[in-house]
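Participant: Sharing a structure below in structure tokens format, with a few things to ask.
Every number here is computed from the coordinates shown, using simple stated rules; none is lab data. A quick note: this is a predicted structure, and the numbers were derived from the prediction, not measured.
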């Protein structure tokens, strides 16, 4: 009985896991934010971080899938491809993504500098050339990047990078199906929730269509 009371007291006293933290969907980065971070990384000569940041934006992958990438997923011949396909950890479904010219260039320079092998993780962790980057290390890097351009790191996370290009594509095209495929969602409803689409957004798209 006494032990049960102590356990109950500990439960009451224990602070909630999210105390002092912002919860909910992390906002995407704006194009100006993306360019500012790229410039910072380029000027600092941070080849790995630049390749990682560019690939995260292009691929629209979850953090767990970004850090799980191996060299031969995107550069099987030693040079980055313009398109790649991976199987998502969360869903087991394959998803395809594009690599823009600047992303391929960043990856090629990073691989040339580090000499990473095809079967190795693409992004090396701090002081660990074998196991590669962890999701926690990746999350810390994202916070460091956004803080470097004056943004509040508490408001952004790895999902901010995943959402950045997807939101931009939706806003420019209104094509939910395309964004669904790019994010690897099985249901269109998941994409609607993920993008935070409101009724007004849908009506605005509908108003642009004449029959």
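Participant: Which value in Å does the Kirkwood hydrodynamic radius of the stretch 31-164 take, with 1/r averaged over all unlike C-alpha pairs and then inverted? Each step should come with its number before you reach the end.
Facilitator: On the way: mean 1/r = 0.0675 Å⁻¹.
One decimal place: 14.8 Å for the Kirkwood radius.
Participant: Another question about this same structure. Quick check: the distance between the Cα centres of the stretch 72-89 and the stretch 107-176, to the nearest angstrom?
Facilitator: With the stretch 72-89 and the stretch 107-176 each reduced to a Cα centre, they are spaced 16 Å.
Participant: For the stretch 151-198, go through all pairs of different Cα atoms, get the mean of 1/r, take its inverse, and jot down that Kirkwood value in Å.
Facilitator: Working: mean 1/r = 0.0894 Å⁻¹.
In the stretch 151-198 this quantity evaluates to 11.2 Å.
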